[in-house]
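Values in this text are rule-based calculations from the coordinates and carry no lab data. All values derive from a computational prediction rather than experimental measurement. Cβ placement follows ideal geometry from the backbone for every residue including glycine, while neighbour counts extend to all protein chains displayed.
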Amino acid sequence: MKFDIDGFRRWQQKSITLLGMSGVGKTHLSALLRRHHWFHYSGDYRIGTRYLDEPILDLIKQQAMQVPFLRELLRRDWIYIRNNIKVQDLGPVLSFVGKPGDPERDGVPLDEFRRRQALYRQAEIAAMRDVPAFIRKAREIYGYQHFVNDVGGSLCELEAPDVIELLARHTLILYIQVTDQEEEQKLIERAQSDPKPLYFRPAFLDRQLADYLQERGLEYAAEMDPDDFIRWIFPRLFRARIPRYEAIAGPHGYSVTSREVAQVRDEQDFLQLVEQAIGRQDEAA
């Protein structure tokens, strides 16, 4: 959705999608707005609890069946396994996505990694298509006036233009960008200090795998140290995503900086920041 500042102020039931890399402040803003009675829709939570719930459980059961004691309990239905995913703790989703590399170092074989990546992409697309229904539910069932859509950093990687158009029709898209080298370096260092599973476009992954193997003198992906690969690829992924975010925010939304987001202390600060973003774009036009 596009507004002038007065139109945004008159918008009685606001619905905003937060776009950007993990670590730029999307979940910080969402948690803050939740305290001010906004409905917080977490795309990753929806993915884990609805669209990847069964594949995650299948993976856990597959591992459990390798333990004779647990295998017998599962076969006899004497125990059951379930996910305990939280908005602030998406551990089962991250464990399912995994990191490619040496299985002896908790890596996932490349073919299996690609399969999980494809499932994650399908799940994220489905979760984003649920946004209009959850905007309605938030208001009609739960009584929330405003709605914030906290999307994963990989939204720009999905290559699903219909999803972006859907979000643009039902929400104001706010891109949180990293605009200076100091902030960029902090984000990269945080990601590299605790390397987490990531989603990659297949073509991007293929190119980077070839470069990594050549640079490290390895022949096969199964020889890779999974954490080392994630640390190596993250800066490249970060920079590859920037033009993709900008291609969404330019025609469909507005941009703010991670430094500006860090200064937001309450709902009023946030609304003023959105107005500033609208004003900047109007002036540029």
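For the residues Arg34, Arg201, Arg139, a GNM of the chain with alpha-carbon springs under 10 Å puts the largest fluctuation on Arg139.
Our note on the geometry: Cα centres of region 37-65 and region 258-285, 33 Å apart. What are the lysines whose alpha-carbon lies under 24 Å from the alpha-carbon of Lys99, with same-chain residues fewer than 8 places away excluded? Partners found: Lys26, Lys61, Lys86, Lys186, Lys196. Full extension of the chain between Ile79 and Glu54 yields a length gain of 7.3 nm, computed as 0.36 nm times the residue separation minus the alpha carbon distance. Overall, the anisotropy analysis places region 72-230 in the oblate class: the square-rooted eigenvalues a ≥ b ≥ c of its C-alpha gyration tensor yield a/c not less than 1.5, with a/b not exceeding b/c.
The charge dipole of the chain, taken about the Cα centre with unit charges on the Cβ atoms of Lys, Arg (+1) and Asp, Glu (-1), comes to about 980 debye, rounded to the nearest 20. This model, with +1 at the C-beta of Lys and Arg and -1 at the C-beta of Asp and Glu, gives region 127-200 a dipole about its Cα centre of some 500 debye. Sorting the segments 216-228, 170-182 by their residues' average number of neighbouring beta-carbon atoms within 10 angstrom, most packed first, yields 170-182, 216-228.
Could you point to the residue in Phe229, His37, Trp78 farthest towards the positive end of region 5-276's charge dipole, with +1 and -1 charges on the Cβ of Lys/Arg and Asp/Glu respectively? Working it through, the farthest residue towards the positive pole turns out to be His37. In a simple Cβ point-charge model (Lys, Arg +1; Asp, Glu -1; nothing else charged), region 1-136 has a dipole of about 560 debye relative to its Cα centre. According to the square roots a ≥ b ≥ c of the eigenvalues of the Cα gyration tensor, what is the shape class of region 5-276, taking rounded for a/c under 1.5, prolate for a/b larger than b/c otherwise, and oblate for the remainder? It comes out oblate by the Cα gyration axes.
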